[in-house]
Amino acid sequence: MIELILEPRCVRCLACVRVCPNDVLEADGDGLPYVARQQDCCSCFLCEAYCAPDALYVAPEAYPLPGLDAAQLLADGRIGAFRRALGWDQRKPGELDARAGAAPAIQRGHPGSPQDLHRSESYANGINRH
Amino acid sequence: MSTYTEVTTDSGRRIAAGDYEIDHKADVLVIGGSLAGAWAALAAARAGARVVLAEKGWMGTAGVVAAASVGGYYALPDDPAQREGVIGVRHQESRGLDDLGYVERVYDQSYRSFTELRAAGFASARLGAFPGPDSMAFLRRQLLAAKVKILDHSPALELLQTADGAVAGAAGIQRKSGEAWRVRAGAVVLATGGNAFLSGAQGTNGLTGDGYLMGAEAGARLQGMEFSGHYGLTPAEGSCTKGGMYFSGHIYDDAGARLDPLPSWFAVPNVARTLLSGGKAWVVLDKAAPEQHDTHRRQSPNFYQYFSRRGVDPFRQRWPVKLTYEGTVRAAGGLLVDEGCATGVPGLYAAGDVTDRCRLTGAFLSGAGPAVAWCVASGEWAGQGAAAFARALGKGAHARQVKGAGACGLRPGGGATGAGKGPGGRETIARVQEEILPLEKNFFRDGKQLTASLGRLDALWTAARAELSAAGPRELLKAREAAALAASARWIYRAALARTESRGLHRRSDFPEEDPAQRHHLVLSGVDEIRIARREALPA
């Protein structure tokens with residue numbers, strides 16, 4: 001769940017408030033975003049992806065995780081890691097470079113290649129086996 | 001920091017009374033802005049329609065695709081071996097309920113669509129690959145370039161219908177401002193996704209079965225709802241249910257015994273059994289060669305954030321997994337559509353996970369390759385169909401008298417009474433979840449449990465139908481989501497009770513075998529009173 005908004009780094013563009021698919025964030029009277037509905041966050045990291053100054057931290061845990069140390073998360077590179085992993089620190093969203101691909105299991109060959117044929121004669125409905 | 005004040009606009013009264021602050025006209029209204037909705041909107045716009053797209057969240061981050069990296073299947077026009085392989089890839093698991101001729105048509109269309117996307121400048125590494133956040137950002141730009149009007153944070157709450165039953169638009173709210181909106185349209189495409197029952201699975205919190213409810217209220221039917229017993233493998237403290245990476249690993253129980261004689265998805269029943277008996281299940285992705293680790297991390301960055309942020313090496317250390325319910329998202333059930341993605345209700349089309357996908361993958365998972373192909377193929381056909389329907393209506397389309405078709409959560413007891421009594425939206429949601437989320441109730445189903453759950457769900461529905469409503473926009477949305485969850489759970493369990501066998505994603509512990517005499521489809525209709533009809537499967 002989203003845990004931190006780093007006020008000193010925030011440029012108040014409110015991209016996070018706009019892009020959150022679950023309406024988790026709001027802007028306060030000073031134009032600063034804050035977490036209004038944390039329970040609706042499913043840790044998709046997309047607010048981080050759209051946060052150019054890396055002023056947000058989403059913990060991967062599916063429950064609140066208070067007491068995180070922002071200085072530590074900044075120092076060890078966890079803040080901004082998802083944006084960098086997408087390559088969005090280098091380019092705009094949607095302007096793909098061809099390195100980005102599909103999930104590995106599908107990536108190996110064309111669909112229908114042997115790696116993708118996870119068929120098994122013994123698989124019926126999950127009850128009969130074992 | 002100042003505290004947030006809930007918008008106090010009486011959206012509930014406005015919607016129920018048909019008093020809108022925002023009014024649009026379109027040839028085609030698309031409801032839902034993930035892959036299927038985006039594609040439907042583009043197809044309708046290419047066919048010359050004026051298109052409005054309304055999305056509950058933000059078009060670009062909403063839906064399961066934006067929170068994932070997926071690859072869609074396609075059939076190469078000139079490669080018979082590849083075609084045969086991909087078309088038949090899930091035939092065995094479909095348990096006699098797929099339609100290979102239709103599968104071929106879908107994968108031919110997805111090939112054309114993926115090729116068009118590439119020609120439009122979408123530079124994914126491989127044809128059909130959809131790195132989620134980039135794909136949806138790219139499609140948002142395409143929609144704007146095609147002059148599609150996008151309404152973000154604008155959940156549709158009900159369809160608008162003419163006196164003779166044609167769907168002629170929808171109404172909803174802008175959830176941040178609280179304004180009530182209406183879009184009058186020649187035709188509507190539902191692309192609202194499946195229903196994961198707010199289980200918390202990454203990317204699914206917006207997927208609450210809204211389209212099932214709106215569609216069924218307008219007279220559409222559903223099919224395949226019983227094939228909905230899938231739970232996604234999930235890192236134990238996290239929310240990501242993506243499955244592809246488990247093909248690169250092993251799954252063990254506490255004693256170190258392998259739970260994955262079959263890979264990934266096929267190991268789920270064994271994991272469920274282990275968890276149900278109080279054990280734990282552990283994963284290590286040790287089949288991935290060290291030189292591939294970076295590629296894996298790059299290809300599914302959201303999945304690997306869980307490990308990098310927690311300081312775990314998923315390729316070398318073992319880590320516990322849980323199972324998270326995915327409802328109908330990667331499964332089969334949904335609105336029954338014909339070959340052109342029409343629902344049978346005039347003017348109402350559907351695309352993507354909101355539809356039944358039995359034609360594609362029968363009683364089994366539609367997720368990943370087939371589902372992504374289906375999003376673009378069904379989006380293409382629904383968009384074209386809706387545009388043609390609107391065109392045939394001509395100039396009179398917006399002059400039609402319309403009425404809101406929404407009931408439960410919106411018009412309690414048949415009238416608008418403002419804030420309701422009885423259980424509110426949140427409590428209704430929690431009570432539905434108690435029946436549908438637990439592995440104990442919904443992984444291996446049995447008749448007694450289903451009957452007991454249905455009794456409670458029916459009572460909950462009756463109470464919600466009589467009393468559930470809300471005033472403020474967010475509470476109103478919750479009330480409608482609660483209604484959609486309750487309706488979906490009732491459809492799922494009603495069909496599950498009627499199917500006295502085990503087949504694909506429907507597992508009955510009291511009927512553990514597949515029954516050849518039940519190789520048919522169950523078609524559901526009705527919202528308050530649910531009716532079930534049989535539809536024969538294609539000849540074997």
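The values are calculated or read from the model by the stated rules, or taken from the named source; none is laboratory data. Owing to the predicted nature of the structure, the values given are computational and were not obtained by experimental measurement. Every residue, glycine among them, receives a Cβ derived from its backbone with ideal geometry; neighbour counts consider all protein chains shown. Side chains are part of the model used for accessible areas, which takes the heavy atoms of the whole protein and leaves out ligands, DNA and RNA. Shrake-Rupley method; radii C 1.70, N 1.55, O 1.52, S 1.80 Å.
Miscellaneous remarks
- Condition check for residue B:237: open to solvent by 50 Å² or more (accessible area, probe 1.4 Å) and within 12 Å of chain A (Cβ to nearest Cβ): yes
- Filter result (open to solvent by less than 20 Å² (accessible area, probe 1.4 Å) and either in contact with a Gly (Cβ under 6 Å, 6 or more places away or on another chain) or outside any helix (DSSP H, G or I) (or both)) within region B:470-484: B:470, B:472, B:473, B:476, B:479, B:480, B:482, B:483, B:484
- Criterion (of a type in the set (A, V, I, L, M) and either open to solvent by less than 10 Å² (accessible area, probe 1.4 Å) or not in a loop (DSSP other than H, G, I, E, B) (or both)) met by exactly one of B:407, B:377: B:377
- Candidate set: region B:312-335, residues that are open to solvent by 20 Å² or more (accessible area, probe 1.4 Å) and at pLDDT 95 or above; chosen: the one nearest to the chain's Cα centre (by Cα): B:323
- Pairs meeting the criteria (first residue in region B:131-150 and over 17 Å from residue B:118 (Cβ atoms) and among the basic types (Lys, Arg), second residue surrounded by fewer than 24 Cβ atoms within 10 Å (Cβ to Cβ) and modelled with pLDDT under 95, beta carbons under 8 Å, at least 6 apart or on different chains) are B:140/A:94.
- Residue within region B:350-371 that is in contact (Cβ under 8 Å) with a residue 60 or more places away in the chain, open to solvent by 10 Å² or more (accessible area, probe 1.4 Å), in contact with a strand residue (DSSP E or B) (Cβ under 7 Å, 6 or more places away or on another chain) and more than 30 Å from residue B:162 (Cα to Cα) present: yes
- Condition broken by residue B:466, with the remaining ones in (1) under 26 Å from residue B:219 (Cα atoms); (2) open to solvent by less than 40 Å² (accessible area, probe 1.4 Å) satisfied: (2)
- Here B:399, B:332, B:388 are screened, and the one residue that is on the phi < 0 side of the Ramachandran plot and without any contact (Cβ under 8 Å) to a residue 12 or more places away in the chain is B:399.
- If only residues of region B:76-106 that are in a helix (DSSP H, G or I), within 8 Å of chain A (Cβ to nearest Cβ) and open to solvent by less than 30 Å² (accessible area, probe 1.4 Å) are counted, the one that is farthest from residue B:226 (Cα to Cα) is B:82.
Residues are listed down the side, and each one gets a yes or a no for (1) modelled with pLDDT under 95; (2) outside the structural domain of residue B:37 (by TED's automatic domain parsing):
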| residue | (1), (2) |
| --- | --- |
| B:348 | no, no |
| B:351 | no, no |
| B:367 | yes, no |
| B:378 | no, no |
| B:383 | no, no |
| B:393 | no, no |
| B:413 | yes, yes |
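- Filtering region A:7-17 to residues that are open to solvent by less than 20 Å² (accessible area, probe 1.4 Å) and more than 9 Å from chain B (Cβ to nearest Cβ) leaves A:15, A:16.
- Per the conditions (1) open to solvent by less than 20 Å² (accessible area, probe 1.4 Å); (2) not in a helix (DSSP H, G or I), the sole criterion not satisfied by residue A:82 is (2).
- Residue in region B:52-66 that is open to solvent by 40 Å² or more (accessible area, probe 1.4 Å), modelled with pLDDT of 95 or more and not in a loop (DSSP other than H, G, I, E, B) present: no
- Positions within region B:178-198 being in a loop (DSSP other than H, G, I, E, B) and under 13 Å from the mean Cα position of the chain (by Cα), in sequence order: B:191, B:192, B:193, B:194, B:196, B:197, B:198
- Enumeration of residues in region B:166-177 that are over 20 Å from residue B:219 (Cβ atoms) and under 23 Å from the mean Cα position of the chain (by Cα): B:173, B:174, B:175
- Of all residues in region B:36-75 being facing chain A (nearest Cβ under 8 Å) and β-branched (Val, Ile, Thr), the one that is farthest from residue B:391 (Cα to Cα): B:70
- Residue match in region B:475-491 (condition: closer than 24 Å to residue B:449 by Cα, touching a His at 6+ places or on another chain (Cβ under 9 Å) and either in contact (Cβ under 8 Å) with a residue 24 or more places away in the chain or not basic (Lys, Arg) (or both)): no
- Enumeration of residues in region A:18-42 that are at the interface with chain B (Cβ under 8 Å from one of its Cβ atoms) and touching a helix residue (DSSP H, G or I) at 6+ places or on another chain (Cβ under 8 Å): A:19, A:20, A:21, A:22, A:23, A:26
- For region B:246-264, filtered to residues that are more than 16 Å from residue B:288 (Cα to Cα) and assigned to a strand (DSSP E or B), the residue that is least open to solvent (accessible area, probe 1.4 Å) is B:253.
- Whichever residue in region B:183-234 is polar (S, T, N, Q) and open to solvent by less than 10 Å² (accessible area, probe 1.4 Å) and, among such residues, is nearest to the other protein chains (Cβ to nearest Cβ): B:202
- Close pairs from region A:53-68: first more than 10 Å from chain B (Cβ to nearest Cβ), partner in a strand (DSSP E or B) and β-branched (Val, Ile, Thr), Cβ under 9 Å, at least 6 apart: A:55/A:5; A:56/A:2; A:56/A:5
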